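Below: the structure, in structure tokens.
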Amino acid sequence: MLAPDEVAGSVVEMSVGDDIVITSDDPLSWTGRSSDDTVATFVAGTSRDGAELNPGLSALGAGRAEFTLTRPDRDPVTFTVVVAPAQ
């Protein structure tokens, strides 16, 4: 699990097939953008059966991508994701 404030400016290491949850008190408000969706992609938070599910990241292919997370009431959060091949 990643907290947006803690990941800002950092490098997050993942392996192909990994998913990471982004913790939030308002999961539906976050949007995200990857510089390379073949490496990793943003998964939006959703509402299902009365529960709000947090957003996250999915690692799709080996490489490096820059991420930006945004929410209307906060400054954007940027960080780097490095995805290693599946082991």
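If I filter the stretch 1-48 down to residues being in contact with a strand residue (DSSP E or B) (Cβ under 7 Å, 6 or more places away or on another chain) and acidic (Asp, Glu), which single residue comes out as nearest to residue 70 (Cα to Cα)?
36
Could you list, ordered by first residue, the pairs with Cβ atoms under 8 Å in which the first is in the stretch 3-28 and among the small types (Gly, Ala, Ser) and the second is modelled with pLDDT of 95 or more and loosely packed, with under 14 Cβ neighbours inside 10 Å, at least 6 apart or interchain?
15/84; 15/85
Residues that are among the basic types (Lys, Arg) and surrounded by 12 or more Cβ atoms within 10 Å (Cβ to Cβ), at least 1 per element: which strands (runs of 3 or more DSSP E) completely within the chain meet that? Before you say what the answer is, go through the steps one by one.
On the way: elements: 11-15, 19-21, 31-34, 40-43, 46-48, 51-53, 56-59, 63-70, 77-84.
Per the criteria, 31-34, 63-70.
Would you mind finding the one in 31, 46 that is in contact (Cβ under 8 Å) with a residue 40 or more places away in the chain and among the polar types (S, T, N, Q)?
Details: 46 fails: in contact (Cβ under 8 Å) with a residue 40 or more places away in the chain.
Matching residue, one of 31, 46: 31.
If the requirement is being at positive phi and either modelled with pLDDT under 95 or not small (Gly, Ala, Ser) (or both), which of these qualifies: 50, 17? Don't jump to the end; show me each part of the working.
On the way: 17 fails: either modelled with pLDDT under 95 or not small (Gly, Ala, Ser) (or both).
Of 50, 17, the one residue that is at positive phi and either modelled with pLDDT under 95 or not small (Gly, Ala, Ser) (or both) is 50.
Can you give me the number of residues within the stretch 31-55 that are under 18 Å from residue 72 (Cα atoms), within 10 Å of the chain's Cα centre (by Cα) and not polar (S, T, N, Q)?
Total meeting the criteria: 6.
The values are calculated or read from the model by the stated rules, or taken from the named source; none is laboratory data. All figures in this text were calculated on a predicted structure; none of them were measured in a lab. Every residue, glycine as well, gets a Cβ built from its backbone with ideal geometry; the counts of neighbours run over all protein chains shown.
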